[in-house]
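I have placed the structure first, in the form of structure tokens, so that the comments after it can refer back to it.
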Amino acid sequence: MPEKLSFYNTMSRKIDTVEPVDGAEFKMYCCGPTVYNYAHIGNLRTYVFEDLLAKTIRMAGYKLKHVMNITDVGHLTSDADTGDDKMLKAAEREKLEVLDLARKYEKAFFEDEAALGINRPDIVARATEHVDDMIAFVKKLEEKGYAYFSNGNVYFDTSKFPEYGKLSGQNRDELRHGARVEQDTSKRNPSDFVLWFTSSKFGNQVLQWDSPWGRGYPGWHIECSTMAMKYLGDRLDIHCGGIDHIPVHHENEIAQSEGYLGHKWVNTWMHAAFLQVKDGKMSKSSGEFLTVDALRNKGYKPEHYKYFCLTSHYKTSANFTFEALDAAKNSYESLINKIKEFKRVAANDATINAELESKYIHDFNEFMFNDLKSPQALAVVWDALKNADMPAKSKLNFLEHVDKIFGLFLTKVINEQEAEIVIPEDIIALAEQRKAAKTAKDWAMSDKLRDEITARGYTVKDMPNNEYQLLPVEK
Ligand code: AMP
Ligand code: ZN
């Protein structure tokens, strides 16, 4: 019997209990990256959230089909179909073919995701490989009276969809002002959007396909509706993205999908708030643009950033500072050191406390099952680690559970064999001399020998009965 799951739904504006609409499997669609540049760590915060969501749904005992698109055509610099073509502009900048550019950044994106412990969605769909499906979708919208052809482009007529704006709670006029849409005189209504571009705008667009409206390429919004429906059917359980998608992209997805289907499309809309830097949101167009690689170059592991992401709830914006990242780094490294310590203890003592293990697993799950409260779930982790009644082996078992959702590579550390430590003969000889000095109560000599051992890169730890343990100093 699966557990109860509740998530905040942008559409209902409250926390809803969720269950798969078909009674069997959650169908989840997440808007993927536009592959014209490296993902910045702000983008990646949104994908961390979506991965936590996927893992939590599975942990609760449900089946899940998780689909994400790769936008490799059609996304203009403004989400509302104005400005330059993102892919085209970047290909010119990098002197690459558009598709080579797309594959380069798609590969980099999945490398970053893997480094952050994010699982690949079940289906990754590239826009350029689904253009025929998009054309069929637009044709049906045209047949149903939702689309019109004007000055070389096919537009969605938002006046035909009275519920337009229901996700963001704005009417069509407000949305127009909010999005500061550039006047396009070919549109019937300011909030209308492009379903299919012909050469009207970018004559130099390399990626073009034949269509009933002329050679051209799809708009960005139609990509998501088409691919979501192709792989997940007529009713989605969950649709995700960043909050910037609420007022334009997701309103447009709803209008075209519900127009096409004639019924409600998505049960739960979930959105991640932004990663902020001191001057506002982190964005590819603004100056401060940090990648996973840039963090590595500054001496941080991807795990440190992942830990940083877990310390804030996905629905609140997170302020990125290096002080905050340092704090996350320290916490993560101290977690890893604790694991190493527990492993040493558990190697000689396999005692467990099954009751405490399941109590902590239950508490951890409860926070995640109730709107992915990762900061509170993290507090449960530290609570368990501090509990003196919890044997080392149980702590390790609990951390393996935590890692199934948090993806912090803890299980890897738990399972890796420690390289056998070989202590050099001369260090052992010094330790033996020190033992003799201690027996003779020659404390000055004992201290001197300890310093000598430390200077050579080892620590000597006193044990009962004048025994000792030698370990290399951790670098
Ligand atoms: P893009 O590749 O530009 O289409 O964006 C990919 C994802 O990152 C989208 O879901 C955006 O909503 C999200 N996103 C963009 N900027 C940020 C940010 N500063 N913090 C969190 N998510 C963001
Ligand atoms: Zn989308």
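The values are calculated or read from the model by the stated rules, or taken from the named source; none is laboratory data. Computed from a predicted structure; not experimentally measured. No Cβ is skipped: glycine too gets one built from the backbone with ideal geometry, and neighbour counts run over all protein chains shown. For the accessible areas, the whole protein counts, side chains as well, though only heavy atoms, and no ligand, DNA or RNA atoms are used. Shrake-Rupley method; radii C 1.70, N 1.55, O 1.52, S 1.80 Å.
Quick look at the values:
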{"quantity": "Cβ-derived FRET efficiency at R0 25 Å, D22 paired with E163, nearest 0.05", "calculated": "0.55"}
{"quantity": "Heavy atoms of C31: accessible area, 1.4 Å probe, square angstrom to 10", "calculated": "10"}
{"quantity": "Distant-in-sequence amide H partners of Y458 (H built 1.01 Å from N, under 5 Å)", "calculated": "V473"}
{"quantity": "Label-point separation in nm, W209 to N348, each point 7 Å along Cα→Cβ", "calculated": "6.6"}
{"quantity": "Solvent-accessible surface ranking, highest first, for S374, S150, S317 at 1.4 angstrom", "calculated": "S317, S150, S374"}
{"quantity": "Added length on full extension, which subtracts the Cα-Cα distance from 0.36 nm per residue, E467 to Q376", "calculated": "28.5 nm"}
{"quantity": "Estimated 222 nm signal from helices in the chain, with DSSP H stretches of n ≥ 4 weighted -39500 (n - 2.57), rounded to 500", "calculated": "-14000 deg cm²/dmol"}
{"quantity": "Estimated vicinal HN-Hα couplings, Hz - the range 350-362 in sequence order (Karplus 6.51, -1.76, 1.60; Gly, Pro = x)", "calculated": "8, 4, 10, 10, 4, 5, 5, 4, 6, 4, 5, 4, 4"}
{"quantity": "Projected label distance in nm at R13 and M445, using a 7 Å step from Cα toward the beta-carbon", "calculated": "8.2"}
{"quantity": "Zero-based 10 Å bins, Cα pair distances in the chain, whole percents", "calculated": "4, 17, 24, 22, 13, 9, 6, 3, 2, 0"}
{"quantity": "FRET efficiency, T454 to D234 (Cβ-Cβ, R0 56 Å, nearest 0.05)", "calculated": "0.20"}
{"quantity": "Cβ-placed point charges (K, R +1; D, E -1), dipole of the chain about Cα centre in debye, nearest 20", "calculated": "400"}
{"quantity": "Heavy atoms of K338: accessible area, 1.4 Å probe, square angstrom to 10", "calculated": "70"}
{"quantity": "Net charge over other residues, Cβ less than 15 angstrom from the Cβ of H362 (K, R count +1; D, E count -1)", "calculated": "-2"}
{"quantity": "Dipole magnitude of the range 425-472 about its Cα centre (Cβ charges: Lys, Arg +1; Asp, Glu -1), debye to nearest 20", "calculated": "140"}
{"quantity": "Percent carbon-and-sulfur accessible area, the range 5-272, ignoring ligands, DNA and RNA, probe 1.4 Å", "calculated": "46"}
{"quantity": "Charge dipole (the chain, unit charges on Cβ, about Cα centre) - positive-most of N330, W209, W269", "calculated": "N330"}
{"quantity": "Estimated inter-spin distance, V422 and L96, nm [label 7 Å along Cα→Cβ]", "calculated": "4.6"}
{"quantity": "Relative contact order [Cα under 8 Å, 6+ residues apart], the range 61-120, whole percent", "calculated": "19"}
{"quantity": "Kirkwood-based Rg to Rh ratio, the range 1-122, C-alpha trace", "calculated": "1.05"}
{"quantity": "Residues whose placed amide H lies under 5 Å from that of R126, excluding near-sequence neighbours", "calculated": "I70"}
{"quantity": "Hz values of 3J(HN,Hα) by residue in the range 365-370 - Karplus curve (6.51, -1.76, 1.60), Gly and Pro given as x", "calculated": "4, 4, 5, 6, 5, 9"}
{"quantity": "Pairs of Cα atoms farther than 35 Å apart, the range 5-272, %", "calculated": "12"}
{"quantity": "Calculated FRET efficiency for the pair K104/L261, C-beta based, R₀ 45 Å, to 0.05", "calculated": "0.80"}
{"quantity": "Integer Hz, Karplus 6.51/-1.76/1.60 couplings in order for the range 112-127, x for Gly and Pro", "calculated": "5, 4, 4, 5, 8, x, 9, 6, 5, x, 4, 10, 10, 10, 8, 4"}
{"quantity": "Accessible-area composition of the range 334-429, carbon plus sulfur, in percent [1.4 Å probe]", "calculated": "52"}
{"quantity": "Heavy atoms of E467 accessible to a 1.4 Å probe, total area in Å² rounded to 10", "calculated": "90"}
{"quantity": "Theoretical gain in end-to-end length, E129 to K404 [0.36 nm per residue, Cα-Cα removed]", "calculated": "95.7 nm"}
{"quantity": "Estimated translational D of the range 425-472 in µm²/s (Stokes, Kirkwood radius over Cα pairs; 4 °C; 1.567 mPa s)", "calculated": "124"}
{"quantity": "Local electrostatic count at K55 - Lys and Arg +1, Asp and Glu -1, tallied over other residues with Cβ under 11 Å", "calculated": "-1"}
{"quantity": "Length-normalised contact order for the chain - Cα pairs under 8 Å, 6+ apart - percent", "calculated": "16"}
{"quantity": "Entries in K144/K166; K55/K298; K104/K301; K373/K395; K14/K284 that, when Cα-Cα distance is taken, lie over 24 Å", "calculated": "K55/K298; K14/K284"}
{"quantity": "Where D293, D16, D279 fall by accessible area, highest first, once all protein chains stay in place (1.4 Å)", "calculated": "D279, D293, D16"}
{"quantity": "Pairs of alpha carbons in the range 267-378 whose separation is greater than 26 Å (percent)", "calculated": "36"}
{"quantity": "Accessible surface, 1.4 Å probe, highest first, among residues E400, E366", "calculated": "E366, E400"}
{"quantity": "Accessible area per residue, Å², the chain with all protein chains present, probe 1.4 Å", "calculated": "45"}
{"quantity": "Nonlocal amide H pairs with A272, under 5 Å, H built at 1.01 Å", "calculated": "G241, G242, I243"}
{"quantity": "Relative contact order, percent, the range 5-272 [alpha-carbon distance under 8 Å, six or more residues apart]", "calculated": "25"}
